[in-house]
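The values are calculated or read from the model by the stated rules, or taken from the named source; none is laboratory data. Keep in mind the model is a prediction, meaning the values are calculated, not measured. Positions of Cβ are backbone-derived with ideal geometry, glycine not excepted, and every protein chain shown enters the neighbour counts.
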Amino acid sequence: MRPKTAAERLQRQTLGSGGIFKSAAVDVLRLEQRLMSTGDIAKVALQRGLIKCQGKTPEATMASALYTDVKRKEGHSIFIRPHEGLFGLREWADKGLVFKVSPALLVRAIS
């Protein structure tokens, strides 16, 4: 099936370049609807069975996947990093959502 929207095409390009961790990150971020650290994304992905980690540092693997994707694809990554150490989905920004950071770094996308 051919992607219909620009966001769907972007997702196919991003996920098509490999990465169970990136695919899991997209699922987690869509479920949680908030900016998250790579460690939190990895924890939720493990809890939900989205990734099966054979290594000792799934947080480091998740961090590597997301930071590399954002850096290599610059403005074309499916991920955004609006605050240091926190990731979200570009589709949120494309919808005009604003990100609010609480003192405890609990971040939610709000309209």
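For this structure, a couple of remarks:
- Residue that is farthest from the chain's Cα centre (by Cα) [pool: residues in segment 54-83 that are in a loop (DSSP other than H, G, I, E, B) and under 19 Å from Phe99 (Cα atoms)]: Ser77
- Flag for Gly85 being in contact (Cβ under 8 Å) with a residue 24 or more places away in the chain and surrounded by fewer than 17 Cβ atoms within 10 Å (Cβ to Cβ): yes
- Pair list, Cβ under 9 Å, 6 or more apart: segment 17-31 residue farther than 14 Å from Val70 by Cα and in a helix (DSSP H, G or I), other residue among the acidic types (Asp, Glu) and modelled with pLDDT of 95 or more: Val28/Asp40
- Scan of segment 28-43 for residues that are surrounded by fewer than 16 Cβ atoms within 10 Å (Cβ to Cβ) and aliphatic (A, V, I, L, M), ordered by number: Leu31
- Taken together, the criteria place Ile51 among residues that are more than 13 Å from the chain's Cα centre (by Cα) and surrounded by 19 or more Cβ atoms within 10 Å (Cβ to Cβ).
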